[in-house]
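Enquirer: My structure is below; once you've seen it, I'll send some questions.
Computed from the coordinates by the stated procedures, all read-outs in this text should not be read as laboratory data. These numbers were taken from a predicted model, which means no experiment stands behind them. All Cβ positions, even for glycine, are placed from backbone atoms using ideal geometry, and neighbour counts span all protein chains on display.
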Amino acid sequence: MILIDGKKTAADIKAEIAAEVEQMLAQGKRRPHLAAILVGDDGASQTYVNNKVKACEVCGFQSTLIRLDASTTQDELLEHIQRLNNDPEVDGFIVQLPLPKHINEQAVIEAIDPAKDVDGFHPVNVGRMSIGLPCFLPATPAGIMELLRRYNVPTRGKRCVVLGRSNIVGKPMAMLMMQKGTPGDATVTVCHSATENLKEICREADLLIAALGQPGFVTEDMVKEGATVIDVGTTRVPDATRKSGFRLSGDVDFEHVAPKCAFISPVPGGVGPMTIVSLMLNTLRAGKLRN
Ligand code: BQF
């Protein structure tokens, strides 16, 4: 069993990015600049945005965090987005999801200039990805592809099962795994809450990507011997032994599944850090395209 170390891989890539930023500066170019809008005070979202700001520092990027009250209206949020769309100093920006319930997430995503949409959620980027054109890839699937690439996980002709059909992970993940190339060229099945015989389908998988947000959902009896398991879950579960009061739990029963695996990614320290680094790579690209 090979443990896929996302934390180490992400640190390596951030060092590569920082070196490239130094070169850009030496050539008289601007630092890449990422802006983030955080609406409300959800604890997990604050942590995620903080992770992104910290990663910008490590990469040598400029970052701007716009914190808005939970009561911010959709129109007010759209005004901030227009300002960032038109700000020549900002290369790319994100709106941290999820948003408060009174705001239409899709309307917000569609207001972002696709050229600054470093989360890759705008329909233009989704559409371009789906036909294999250059675009900003959504951070989590891009991070998983990078892990598969760096660990040389075989995917060509293999059976890949994606658990979960969200717009930000499951759907784009399935799309990328079925595309031509390495990693890619897989035979992909997407399972969701209405899937029949889910266990049997998972047991056929050479590559199992779990992105449902249900702690411990993937058990030993659902995994084929020698499979590769990628755990995308990051659910906060109460844990009185931690000073934070919680721990991060993946979608995989790691302890019992790991011994059967060729490769497995842990939580924490697997896909999560790669999500952050993919956002950094998209921001670097946005910066280059504008420079
Ligand atoms: C780690 C996210 C659900 C909904 C919206 C490192 C992150 C997480 C874990 C992180 C996530 C999850 C992010 C670890 C960003 C990943 O060490 O295991 C980093 O910051 N993430 C997000 O921005 O929005 C989410 C999950």
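Enquirer: Check Cys261: other-chain or 5+ apart residues with amide H under 5 Å from its amide H, H built from backbone geometry?
Expert: Gly226
Enquirer: Next question. Would you calculate the separation in nanometres between label points at Glu79 and Asn167, each defined as 7 Å from the Cα along the Cα-to-beta-carbon direction?
Expert: Distance between label points: 2.5 nm.
Enquirer: If packing is taken as the average number of other Cβ atoms within 10 Å across a peptide's residues, how do 9-17, 98-106 rank, most packed first? Don't skip to the end; give the middle numbers.
Expert: On the way: 9-17: 18.1, 98-106: 14.0.
Highest-to-lowest ranking by the protection proxy: 9-17, 98-106.
Enquirer: Filter the chain for me: DSSP H helices, axial length by Cα at least 27 angstrom, mean Kyte-Doolittle hydropathy not below 0.5. List them by residue number. Don't skip to the end; give the middle numbers.
Expert: Details: long enough: 6-26 (30 Å, -0.03); 271-290 (29 Å, 0.64).
Sorted by number, the helices that extend far enough and score high enough are 271-290.
Enquirer: A follow-up question, please. Please compute, for the alpha-carbon atoms of the stretch 90-233, the extent along each of the three principal axes and give them in descending order in Å.
Expert: The Cα atoms of the stretch 90-233 stretch 47, 34, 22 Å along the principal axes, largest first.
Enquirer: Could you list which residues have their amide H under 5 Å from that of Thr189, counting only those 5 or more apart in sequence or on another chain, with H placed in the peptide plane?
Expert: Counting only residues 5 or more places away or on other chains, the set is Cys160, Val161, Val162.
Enquirer: Among the listed pairs Lys171/Lys224; Lys116/Lys180; Lys54/Lys158; Lys54/Lys171; Lys54/Lys101, which have their C-alpha atoms separated by more than 30 angstrom in this model?
Expert: Lys54/Lys158
Enquirer: Could you quote the convex hull projected area for the stretch 164-291, Cα atoms only and averaged over all directions, in nm²?
Expert: Its average projected convex-hull area is 10.0 nm².
Enquirer: Okay, next question. Normalising by the residue count of the chain, find the relative contact order in percent from Cα pairs under 8 Å and 6+ residues apart. List each step's numbers first, then the result.
Expert: Numbers: 577 pairs, mean separation 62.7, N = 291.
Over the chain, the number comes to 22 percent.
Enquirer: Cα centroid distance between the stretch 172-216 and the stretch 30-106, in Å?
Expert: Going from one Cα centre to the other spans 31 Å.
Enquirer: Among bridges DSSP assigns within the chain, what percent are antiparallel (round to 5)?
Expert: Within the chain, antiparallel bridges account for around 10 percent of the total.
Enquirer: Show me, bin by bin at 5 Å from 0, the whole-percent P(r) of the chain based on Cα pairs.
Expert: 1, 6, 12, 16, 18, 17, 14, 10, 5, 2, 0, 0
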